[in-house]
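Enquirer: The structure under discussion is supplied below as structure tokens; questions concerning it will follow.
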Amino acid sequence: MSYTSASEAKQAILEAGRRLYQRAYVAANDGNISARMDDGTVWATPTGVSKGFMTEDMLVRLAPDGTVLEGTWKVSSEIAMHLAVYRENPALGGIVHAHSPAATAFATLGRDFDMAISLETAVQLGVIPCAPYAVTGSAELAERAAVYCREYNGCFLEHHGAVTWGADVLQALFRTECLEHTVIMYEHMLGLGEVRLLTQAQLTELDSVRKKFGITTGGRPKGRPDTKHD
Ligand SMILES: [Zn+2]
């Protein structure tokens with residue numbers, strides 16, 4: 001889905017920014033958010049401003065190639081990653097990039113999160129891959145993230161943070177929230193001394209739940225073998 005109304009797209013970005021900041025998913029001026037319009041242009045957040053305190057006049061409208069069409073604020077170099085993702089997957093309407101603490105900590109490991117630790121994780125996210133490190137704002141980083149945007153719901157950025165996408169900004173935001181929540185739960189499980197995954201039979205059952213919700217991306221995370229007790 002893409003936005004037909006510019007004011008709806010801009011309000012969605014401002015609201016996502018407030019929620020990211022309130023939840024401490026971004027520090028200082030970190031993070032960026034974008035929304036794609038039905039004409040292919042993209043509304044994006046500016047650099048150098050807290051995403052919790054943005055106003056509509058700060059947002060910038062870009063052509064798919066990054067040319068500035070509207071707005072006077074300087075756009076973040078990380079928006080190149082958003083434009084690469086939109087180019088790769090025309091079905092997407094919103095992207096959220098944050099440095100939420102648990103997901104960013106996991107991103108330092110440089111590996112995918114592919115464990116079915118909870119029902120919500122398995123249904124809403126599936127597997128979250130990790131894009132190998134590249135410096136912020138670079139074409140390499142943009143391409144390394146974009147490669148996942150057709151098959152997955154987001155990815156970690158090694159030693160940096162995470163990015164999630166969806167049909168609109170709200171869905172992208174919810175995926176950022178679900179990812180952070182998933183990694184926090186995983187940390188708690190490590191504290192409990194056991195990371196116990198859903199069984200294969202439970203995951204197969206959840207495949208039909210995903211289908212019912214229209215979720216076709218994310219793949220199937222690892223589960224544990226079925227036992228006679230499950
Ligand atoms: Zn970043």
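The values are calculated or read from the model by the stated rules, or taken from the named source; none is laboratory data. Just so it is clear, the model here is predicted, and its values are computed rather than measured. Ideal geometry is used to build each Cβ from the backbone, glycine not excepted, and the neighbour counts take in all protein chains shown. The accessibility values were calculated without ligands, DNA or RNA, using every heavy atom of the protein model including side chains. Shrake-Rupley method; radii C 1.70, N 1.55, O 1.52, S 1.80 Å.
Enquirer: Could you give the C-alpha radius of gyration of the stretch 62-106 expressed as a fraction of 2.2 N^0.38 Å, taking N as the number of residues it contains?
Expert: 1.37
Enquirer: Determine the principal axes of the Cα atoms in the stretch 72-201, then give the extent along each, sorted from largest to smallest and rounded to whole angstroms.
Expert: Projected onto the principal axes, the Cα atoms of the stretch 72-201 cover 50, 27, 24 Å.
Enquirer: Would you work out the relative contact order for the chain, in percent, from Cα pairs under 8 angstrom that are 6 or more residues apart?
Expert: That works out to 20 percent.
Enquirer: Go through Pro46, Gly137, Ala27 and say which Cα lies farthest out towards the positive end of the charge dipole of the stretch 6-213; charges sit on Cβ, +1 for Lys and Arg, -1 for Asp and Glu.
Expert: Ala27
Enquirer: Once the piece of chain linking Asp38 and Ala139 is laid out straight, how much longer is it, given 0.36 nm per residue of separation minus the C-alpha distance between them?
Expert: Taking Asp38 through Ala139 to full extension adds about 33.9 nm, to one decimal.
Enquirer: Can you give the angle from 0 to 90° between the axis of helix 6-22 and the longest principal axis of the chain, with both taken from C-alpha atoms, to the nearest 10?
Expert: 60
Enquirer: Largest first, how would Trp165, Trp73 line up by accessible area (1.4 Å probe)?
Expert: Trp73, Trp165
Enquirer: To the nearest 10 degrees, how steep is helix 169-192 against the longest Cα principal axis of the chain, on a 0 to 90 scale?
Expert: Relative to the chain, helix 169-192 is tipped by roughly 40 degrees.
Enquirer: Can you order the peptides 208-219, 13-24 by their average number of other Cβ atoms within 10 Å per residue, highest first?
Expert: In descending order of packing, they fall as 13-24, 208-219.
Enquirer: How large is the translational diffusion coefficient of the stretch 1-68 in µm² per second when you combine the Kirkwood radius over alpha carbon pairs with Stokes-Einstein at 37 °C and 0.692 mPa s?
Expert: D, rounded to a whole number, is 273 µm²/s.
Enquirer: Continuing with this model, one more query. Gap in Å between the Cα centre of the stretch 63-116 and the Cα centre of the stretch 151-230?
Expert: So the separation of the two Cα centres works out to 19 Å.
Enquirer: If each DSSP helix of 4+ residues adds -39,500 (n - 2.57) and the sum is divided by the residues in the chain, what number results at 222 nm, nearest 500 deg cm²/dmol?
Expert: Using -39500 (n - 2.57) per qualifying helix, the result is -11000 deg cm²/dmol.
Enquirer: Once amide H atoms are built 1.01 Å from N in the peptide plane, which residues 5 or more positions from Gly166, or in another chain, come under 5 Å H to H?
Expert: It is Gly93, Gly94, Ala172, by chain and number.
Enquirer: Which values of log₁₀ I(q)/I(0), to two decimal places, follow from the Debye formula for the chain at q = 0.12, 0.17 Å⁻¹ with a uniform point scatterer at every Cα?
Expert: Log-scaled intensity ratios, in q order: -0.61, -1.16.
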